[in-house]
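The next block holds one structure in the form of structure tokens; read it before the comments.
The values are calculated or read from the model by the stated rules, or taken from the named source; none is laboratory data. Everything numeric in this text was worked out from a predicted model, so none of it was measured. Note: ideal-geometry Cβ built from the backbone for every residue, glycine included; neighbour counts use all protein chains shown.
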Amino acid sequence: MNPAAVAYTARWVWCGPGDLRENAWVLMAGGWVRGVQERPPAGAERVELGQGLLLPGLVNAHTHLELSGLTSLAPPAGDFVAWLEQLVALRPDTLRVNGAAATRAAAAALAADGTALVGDITNTGQARAALAQAGVSAVSFFEALGPSKAPPPPPGYEWQGPLLSGAAVAAHAPYSVPAGRLQALKRQAGDLPFCLHLAESRAEMEFMAGAGEQGRRLEAFLAARGLQRSQLDLRAATPLGQVQSLGLLDQHTLAVHGVQLRPEDARTLAAAGTSLCLCPRSNLGLTGNLAPVEAMLAAGVNLALGTDSLASAPDLSLWREMAALAAARPGLDPETILAMATAGGARALGLAGRFGAIRSGAAGPLAFAPLAPLPPEQMLAAAVQGRHAGPPRSLGRG
């Protein structure tokens, strides 16, 4: 046995949906999972974690690390356009002073919390070094905004051992990127994930429909920054209708937020194979609502979880996102929420074979949440609801 191999065990080991084991051992070496077995592997260092839940490293499918320097400066208060105005006003000077240090601190916090993989929206690529230094695998979505012809860098995934540094393509939203450019960006993404914000706010819905006070405020906000409604080539009266008409929805597309989607829209996403990422605390703070989660699950839509940015959430803890979702939708099965924070995110980022489950060949790290002694059904609920006996942590990072 490799002397660097380490075997971890806990009272409960959740390998993925429908696979909960008691006192199982997870063997890791070099940052990779080498197997799961009932007995401790011979020749490996043994780490007994005790009462709690050992699970795959978490997958934060949507965040904006570059905005970490705006922590608490633009707290969401239910007015989306006002928040955008604050964000744009604060961003240049604030991030010039503290952006790099705040980004490094945020990446380190993700690593400590048990996050294995993030989908990070970027305009500069500067967060990639911070994530790599923290040992967090990342898909960096280079975001296009407005009509600019400057293309994002070529997409592609690069591995250094178990650490992934990926480049992918994102378009901000159908209300802020012209139709032709949206289609060009989707073509550039190819078979890698393509990300865009979709149906996040009432202002967006009114703007697309061409009516309503919030829509007019959003139109004025965009016009002040050089983007006229006429440049967008709007072909539908809703964000979902626009992206559908442009052929942007398929199994490689990751839509984010979806707060304003209707329950019947779930069939459209499911038929296309499009994933949807919820950011519960940001969504509730900015809009007071969430996407129709139950309808999405019933239709078979792959759901993921993200934290959005520190400009709209108090921290980047996916554990607290799970707790917020559980509190807002108490009827959801705890295992379903765990799946959204692991396997769902990995699938949304095109990495279902490498992250989101404990199985041989998966990349580390693992996550562990200390819990009081509980039967399985109560234990999963306690883990999701944040009723931990100590801080969750990361294990086996390569």
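Exactly one condition in (1) surrounded by fewer than 19 Cβ atoms within 10 Å (Cβ to Cβ); (2) polar (S, T, N, Q); (3) in a strand (DSSP E or B) is false for SER140; which is it?
(1)
Run down PRO292, PRO263 and say which single residue is free of Cβ contacts under 8 Å to residues at least 60 places away in the same chain, under 27 Å from ASP315 (Cα atoms) and out of contact with any strand residue (DSSP E or B) (no Cβ under 9 Å at 6 or more places or on another chain).
Values: PRO263 fails: under 27 Å from ASP315 (Cα atoms).
Of PRO292, PRO263, the one residue that is free of Cβ contacts under 8 Å to residues at least 60 places away in the same chain, under 27 Å from ASP315 (Cα atoms) and out of contact with any strand residue (DSSP E or B) (no Cβ under 9 Å at 6 or more places or on another chain) is PRO292.
Scan the stretch 10-25 and give yes if some residue there is part of a helix (DSSP H, G or I) and acidic (Asp, Glu), otherwise no. Quick ask: steps written out before the conclusion?
So in the stretch 10-25, the residues part of a helix (DSSP H, G or I) come out as none.
Among the residues of the stretch 10-25, not one is part of a helix (DSSP H, G or I) and acidic (Asp, Glu), which makes the answer no.
Spot the failing condition for ALA383; the list is (1) surrounded by fewer than 23 Cβ atoms within 10 Å (Cβ to Cβ); (2) closer than 16 Å to PRO334 by Cβ; (3) not acidic (Asp, Glu), and only one is missed.
It is condition (1) that ALA383 fails.
Which one of these does LEU58 not meet: (1) within 20 Å of PRO334 (Cα to Cα); (2) surrounded by fewer than 17 Cβ atoms within 10 Å (Cβ to Cβ)?
(2)
Could you tell me which of the residues ALA381, ALA389, ALA369, ALA304 is in contact with a His (Cβ under 9 Å, 6 or more places away or on another chain) and not assigned by TED's automatic domain parsing to the domain that holds ARG262? Break it down stepwise before answering.
Working: ALA381 fails: in contact with a His (Cβ under 9 Å, 6 or more places away or on another chain); ALA389 fails: in contact with a His (Cβ under 9 Å, 6 or more places away or on another chain); ALA304 fails: not assigned by TED's automatic domain parsing to the domain that holds ARG262.
Only one candidate qualifies: ALA369.
Quick one: count up the residues across the stretch 107-163 that are closer than 15 Å to SER68 by Cβ and among the hydroxyl-bearing types (Ser, Thr, Tyr).
So the answer is 4.
Checking ALA220 against (1) assigned to a loop (DSSP other than H, G, I, E, B); (2) farther than 26 Å from THR268 by Cβ, which single condition isn't satisfied?
Status for ALA220: all satisfied but (1).
When you go through GLN251, GLN231 one by one, which is the residue that is surrounded by fewer than 19 Cβ atoms within 10 Å (Cβ to Cβ), in contact (Cβ under 8 Å) with a residue 12 or more places away in the chain and more than 20 Å from MET296 (Cα to Cα)? Quick ask: steps written out before the conclusion?
Values: GLN251 fails: more than 20 Å from MET296 (Cα to Cα).
Just a single option satisfies the conditions, and that option is GLN231.
Does THR336 satisfy the criteria of being surrounded by fewer than 23 Cβ atoms within 10 Å (Cβ to Cβ), of a type in the set (Ser, Thr, Tyr) and either closer than 25 Å to ALA272 by Cα or without any contact (Cβ under 8 Å) to a residue 40 or more places away in the chain (or both)? Before you say what the answer is, go through the steps one by one.
On the way: surrounded by fewer than 23 Cβ atoms within 10 Å (Cβ to Cβ): yes; of a type in the set (Ser, Thr, Tyr): yes; either closer than 25 Å to ALA272 by Cα or without any contact (Cβ under 8 Å) to a residue 40 or more places away in the chain (or both): yes.
Yes, satisfied.
Of the conditions (1) surrounded by 22 or more Cβ atoms within 10 Å (Cβ to Cβ); (2) over 22 Å from GLY156 (Cα atoms), CYS195 fails just one. Which one is it?
Unmet condition: (2).
Are there any pairs with C-beta distances below 8 angstrom linking a residue in the stretch 205-224 that is in contact (Cβ under 8 Å) with a residue 60 or more places away in the chain to a residue that is acidic (Asp, Glu) and in a helix (DSSP H, G or I), with the two at least 6 apart or on different chains, and if so which?
Qualifying pairs under 8 Å: GLN214/GLU206; LEU218/GLU204; LEU218/GLU206; PHE221/GLU85.
Yes or no: ARG229 modelled with pLDDT of 95 or more, closer than 27 Å to GLY350 by Cβ and of a type in the set (D, E, K, R)?
Numbers: modelled with pLDDT of 95 or more: yes; closer than 27 Å to GLY350 by Cβ: no; of a type in the set (D, E, K, R): yes.
When the stated conditions are applied, ARG229 does not pass them.
Report the residue count in the stretch 293-311 for those that are surrounded by 22 or more Cβ atoms within 10 Å (Cβ to Cβ) and part of a loop (DSSP other than H, G, I, E, B).
7
Specify which of the listed residues (GLU206, GLU219) is outside the structural domain of TRP32 (by TED's automatic domain parsing), within 21 Å of SER282 (Cβ to Cβ) and crowded, with 16+ Cβ neighbours inside 10 Å. First the steps, then the outcome.
Working: GLU219 fails: within 21 Å of SER282 (Cβ to Cβ).
Result: GLU206 is the single residue among GLU206, GLU219 that is outside the structural domain of TRP32 (by TED's automatic domain parsing), within 21 Å of SER282 (Cβ to Cβ) and crowded, with 16+ Cβ neighbours inside 10 Å.
Pairs, please: C-beta under 9 Å, at least 6 apart or cross-chain, first residue without any contact (Cβ under 8 Å) to a residue 40 or more places away in the chain and polar (S, T, N, Q) and in the stretch 161-187, second surrounded by fewer than 22 Cβ atoms within 10 Å (Cβ to Cβ) and part of a strand (DSSP E or B)?
SER165/TYR157; SER165/GLU158; SER165/TRP159
Please indicate, with yes or no, whether at least one residue in the stretch 340-356 is in contact with a Cys (Cβ under 7 Å, 6 or more places away or on another chain) and either on the phi < 0 side of the Ramachandran plot or not charged (D, E, K, R) (or both).
First, pick out the residues of the stretch 340-356 that are in contact with a Cys (Cβ under 7 Å, 6 or more places away or on another chain): 348.
This time we only want the ones that are either on the phi < 0 side of the Ramachandran plot or not charged (D, E, K, R) (or both), so: 348.
Checked against the condition, which is being in contact with a Cys (Cβ under 7 Å, 6 or more places away or on another chain) and either on the phi < 0 side of the Ramachandran plot or not charged (D, E, K, R) (or both), the stretch 340-356 yields at least one hit.
Identify the single condition in (1) buried (at least 20 other Cβ atoms within 10 Å of the Cβ); (2) part of a loop (DSSP other than H, G, I, E, B); (3) small (Gly, Ala, Ser) that ALA102 does not satisfy, given that it satisfies every other one.
(2)
Return the only residue of VAL88, VAL81, VAL47 being surrounded by 13 or more Cβ atoms within 10 Å (Cβ to Cβ) and in a strand (DSSP E or B).
When all the criteria are applied, what remains is VAL47.
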